[in-house]
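The values are calculated or read from the model by the stated rules, or taken from the named source; none is laboratory data. Because the structure is predicted, anything quoted here is derived from the model rather than measured. Methodologically, a virtual Cβ is constructed for each residue, glycine included, from the backbone with ideal geometry; neighbour enumeration extends over all protein chains shown. Please note that ligands, DNA and RNA were not included when accessible areas were found on the heavy atoms of the full protein model with its side chains. Shrake-Rupley method; radii C 1.70, N 1.55, O 1.52, S 1.80 Å.
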Amino acid sequence: MNVASYNNLRKLSKGKFSFAQFIKLKELASSTIGCSNETGKLLITSILNLYDKLDEEIKMIESKIETIMKQLDSPTASIPGIGICSAVTIIAEFGNFSRFVNADKMLAYAGLDCGRSQSGTQDFKGKMVKYGSSYLRKALMNAAEMMLIHVPAFYEYYHKKRNEGKAHRVALSHLTRKLVRLIYKLETSHTHFDLSFFR
């Protein structure tokens, strides 16, 4: 820490960092920053090398996923607001979309359908059942939230539910069910997303 260090800090603070503060910082740094322990240095270097290797592995896997997704040309990936990671999770968790007879079966598979209770002649709808894959449910909920930004019809539907007095998570669950129905329509008809669907 020299005069050049002080000048850099002073510029960053727009002149508010005084030389007296710099001297104090230098004194504190001498007793709090740094390590002369060779074992500690070796351990840190080893951990950083492992981190770099893992980072390379992640990048390689992500690159392969992108290549596969391009080959698949999945309609789910064409929906605005759904990133590649979310699209991959949704496609992998649902598997073959043709095995679902309708969108309701997909909702049930994801654990997004409403629980039902019957009493005599009355039929009541309850909260989300939440069975099925939690990874899938989370990916769908996150994707639905992102669609609020990209798809006006989803934004309007969300605010309609909020105006009906629904809490954020409840309104978002309604939005997620709408998204699953959209995914079913796109995947079974092999059609890519178009905003004109909502006009």
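Before moving on, here are some points about what is shown:
- Residue satisfying condition, being of a type in the set (A, V, I, L, M, F, W, C), outside any loop (DSSP other than H, G, I, E, B), under 17 Å from ILE79 (Cβ atoms) and open to solvent by less than 40 Å² (accessible area, probe 1.4 Å), within set MET146, MET141: MET141
- Residue match in segment 89-96 (condition: surrounded by fewer than 12 Cβ atoms within 10 Å (Cβ to Cβ) and either under 28 Å from THR176 (Cα atoms) or in contact with a His (Cβ under 7 Å, 6 or more places away or on another chain) (or both)): yes
- Here ALA103 fits the description: open to solvent by less than 80 Å² (accessible area, probe 1.4 Å), more than 15 Å from the chain's Cα centre (by Cα), at pLDDT 90 or above and within 28 Å of MET69 (Cβ to Cβ).
- Just so you know, in segment 149-178 the residues that are assigned to a helix (DSSP H, G or I) and in contact (Cβ under 8 Å) with a residue 40 or more places away in the chain include one that is most open to solvent (accessible area, probe 1.4 Å), and it is ILE149.
- For segment 179-199, filtering for residues that are closer than 17 Å to PHE97 by Cβ and not in a helix (DSSP H, G or I) leaves 4.
- SER134 open to solvent by less than 80 Å² (accessible area, probe 1.4 Å), under 13 Å from ILE79 (Cα atoms), without any contact (Cβ under 8 Å) to a residue 24 or more places away in the chain and among the small types (Gly, Ala, Ser): no
- Members of segment 179-195 that are acidic (Asp, Glu) and surrounded by fewer than 17 Cβ atoms within 10 Å (Cβ to Cβ): ASP194
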